[in-house]
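The values are calculated or read from the model by the stated rules, or taken from the named source; none is laboratory data. Just so it is clear, the model here is predicted, and its values are computed rather than measured. Because the Cβ atoms are built from the backbone with ideal geometry, glycine has one as well, and the counts that use them run over all protein chains shown. Surface areas here come from the heavy atoms of the whole protein model, side chains and all, with no ligands, DNA or RNA. Shrake-Rupley method; radii C 1.70, N 1.55, O 1.52, S 1.80 Å.
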Amino acid sequence: MPLWVCGCCGALRPRYKRLVDNIFPEDPEDGLVKANMEKLTFYALSAPEKLDRIGAYLSERLSRDVARHRYGYVCIAMEALDQLLMACHCQSINLFVESFLKMVRKLLEADKPNLQILGTNSFVKFANIEEDTPSYHRSYDFFVSRFSEMCHSSYEDPDIRTKIRMAGIKGLQGVVRKTVNDELQANIWDPQHMDKIVPSLLFNLQSGEGTESPASFWIKKEKESPAELTERCFRELLGRAAYGNIKNAVTPVLMHLDNHSLWEGKTFAVRCFKIIMYSIQSQHSHLVIQQLLGHLDANSRSSATVRAGIVEVLLEAAAIAASGSVGPTVLEVFNTLLRHLRLSVDYELTGSYDCTNIGTKIIKEHEERQLQEAVIRTIGSFANTLPTYQRSEVMLFIMGKIPIPGMHPMLHSTGSGPEGNRMIQVMLLKSLRQVTCGFQTTNMLTALPNSFLDPLLSFALLEDAEIRLLVLEILVSLIDRHNNLPKFSTISIISDISVLKLKVDKCSRQDNLFMKKHAQHLYRHIYLCSKEQSSVQPHFEKLYSLLALISMELANEEVVVDLIRVALALQDLALSSEETLPVYNRCAVHALSSAYLNLISQLTTVPAFCQHVHEVSATLESLYLLTVCSHQLIPKTLEKLEGELLFQQAKITEVLGGSGYNTERLATPYVPQFTDEDRLSKRKSIGETISLQVEVESRNSPEKEEVNENIKIYNTHRHICVGVEEQEKERRRQVVEKFQKAPFEEIVAARLISNVSRLSERYVLINLIFSLFLACRPPPSPSGTITSSYGQTQSRSVPVYEMKFPDLCVY
């Protein structure tokens, strides 16, 4: 074709094509011709129906330039498209966008990194544009796949590889922004998209760990690193997640951590879920917790390090989340954690995840122990987010899981046996200790019902020293409501307790009712725990803390009197148990009694009482107060402790009686009573648990004078009456406890048996009465009677036809 023909036809070309051609300079290095670009923009705004043709023609030119490797013109074409997108928002924009996305796709499919980055940057600019018209047929599946692939780029040059990955991250961010709020677009939260987006982000987030030096925090960076960009994009993605999308967003995170064995390191997993918990809406936190618990169940047979990693993540997530982190199923959360605690104990004892293959030792005990400690800490972390009433329910729930001999059935741990039950008891009590840490309530009676307190106290009678110590720690934590516990960590005689700055409030009505109901149980277990031969220094320190906290938190006048009686009974125990208790334990019990009487005397603020205690404490050798801390300072005997070295019950009764305290109760020595708990504790013998000896005469009296016969008779009569009264109170208490604690079916059965026995007795009695009556008066015969010559009546037979019958009997 002649050249003049081409020139003639060029003038006949459509105007939009001429305007498009004019924006391209002869030399691509000169860049876009701005004046001609303004003409093109004005034309597109004036004739919006031509916008789709402009886009199609630009797309055609760009494809041709890419194929011919004229990358300068490619950049000019993309710049022109970007400016047209920013300027035009007419109804015909959808057709133009299709051409634009076609050109971006062409660039992303190219092998040149620069073209990929160029296409990504244009897509990001497009993603920030809010379109006025809806789109019904647009798809972003290709872009999700391609940008995810760019996030995993393995280009040889590190700088170019970083640029490609950052472009991929920005592209995914653009896709999310463009589709997350557009209901007409494909749901970006579908698993097919989330399974590509989330792992790509986590891959770059993980790659950036450890690459920054500490000095980088002090240097202002000019450019953002891939890890920082990824974290920002990940937070934006999670922040846009609605209630129904949380699961689809979190599941790929769990799968990524599983596939790359990232639970064992814990650090990256914890970082990921910190980002998740801080980014999502607070009311959705419990959904993440539930998914983590479900994932823990799915990995119940995984290694201990994997399970420990999941539990550590749960711990951090619970600490971040608000009070609603546990969600509506509070007990289900703790049930899951307790179940895995029991499984860990079974794995540790059997040595295998498959109980049938006990001989295969594939489990490391120290790893299982670390897992158990992590579960216990996690239980405490969850409990700290709960209100008081829910924490009380959790305490009851955990107590119901602890195997208690005679009360709760022992757990059937396969292959673990009694040792497994003991370990489960220890672990669950440790969990209970974590739950009670920081527990504060204004009403102890409702927060600590019989169903919780009675089983807990029964553990104080077991022979296991570790279990007894855990019980004491739990009791101390429950009673300490003003954080006074750290001030009584060691047993010591303090001359002035004002330096401790104790917080003491007046005992409330609810506290009085609580002590009226449970005080004797507490005193009894304090006394019996002091008698244990296996008790060591921590036991006596906790007993001292328990006595001190009861005096400050729950004490009224009656409680103070009883506590003094218990302290004096402990002094007697230290002096009279040389054959049963080791010397160290006797010295520790004596130190416990002395230190507590010193404290309670200052709390009562009775000068004469304080003076007596101070005099005895001053004369006591320091040797007996240091035995709790050092076995080397134990004396060989305590037989010489008498007179001024002992606290005199008579003297204390006298001085407190003058201040209005109950002298009759003070004069009565404290003796613990035998209950069913001794049977439930399964001791070797009942004699080891409780002493039934009642000493009527006080051994602490300084005078040994003879008393007259009348006083002896009066004292004997008084003690007999007191004993009968105590027996009656004990009988009533047992009846009340039976109806409070026994199962309903057992009570009904007992009542039924009692009723049947009473009915049978009545039936026998009635039969006896009738037999006696019939023996005295035999039934009359219808044949009549005759009188013999000796005055005795004899019967004679009368024919039937002569008998007279009532009318009703004749027919």
| message | I need a count of the residues in the range 190-213 that are at pLDDT below 90, within 32 Å of the chain's Cα centre (by Cα) and either open to solvent by less than 20 Å² (accessible area, probe 1.4 Å) or among the β-branched types (Val, Ile, Thr) (or both). | response | 0
| query | Conditions: (1) in a helix (DSSP H, G or I); (2) modelled with pLDDT of 90 or more. Met103 meets all but one. Number of the miss? | reply | (2)
| Looking at this structure, is Glu231 out of contact with any strand residue (DSSP E or B) (no Cβ under 9 Å at 6 or more places or on another chain) and in a loop (DSSP other than H, G, I, E, B)? | no
| message | I'd like to know if the range 139-159 contains one or more residues that are at pLDDT below 90 and of a type in the set (Ser, Thr, Tyr). | response | yes
| query | Within the group Leu563, Leu581, which residue is assigned to a helix (DSSP H, G or I), touching a residue at least 40 places away in the same chain (Cβ under 8 Å) and on the phi < 0 side of the Ramachandran plot? | reply | Leu563
| said: Take residues that are at pLDDT below 80 and over 21 Å from Leu432 (Cα atoms) and tell me which of the helices (runs of 4 or more DSSP H) falling wholly in the range 310-402 contain 1 or more. | reply: none
| request: Determine which member of the set Ala186, Ala249 is modelled with pLDDT under 90 and among the hydrophobic types (A, V, I, L, M, F, W, C). | output: Ala186
| said: Being under 30 Å from Thr441 (Cα atoms) and in contact (Cβ under 8 Å) with a residue 60 or more places away in the chain narrows it down to one residue among Leu549, Leu568, Leu575, Leu597; which is it? | reply: Leu549
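Looking at Asn484, Asn450, which one is in contact with a Lys or Arg (Cβ under 9 Å, 6 or more places away or on another chain), farther than 25 Å from Lys401 by Cα and open to solvent by less than 40 Å² (accessible area, probe 1.4 Å)?
On inspection, the qualifying residue turns out to be Asn484.
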| request: Could you list, in sequence order, all residues of the range 540-560 that are part of a helix (DSSP H, G or I) and open to solvent by 10 Å² or more (accessible area, probe 1.4 Å)? | output: Glu541, Lys542, Ser551, Glu557, Glu558, Val560
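Here is a list: Ser535, Ser489. Which entry is surrounded by 21 or more Cβ atoms within 10 Å (Cβ to Cβ) and of a type in the set (Ser, Thr, Tyr)?
From the options Ser535, Ser489, the qualifying one is Ser535.
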| remark: Sole miss for Ser261 among (1) surrounded by fewer than 16 Cβ atoms within 10 Å (Cβ to Cβ); (2) under 23 Å from Leu343 (Cα atoms); (3) under 21 Å from the mean Cα position of the chain (by Cα); (4) of a type in the set (Ser, Thr, Tyr) is condition (3)
| What is the one condition in (1) modelled with pLDDT of 90 or more; (2) open to solvent by 30 Å² or more (accessible area, probe 1.4 Å) that Phe268 does not satisfy? | (2)
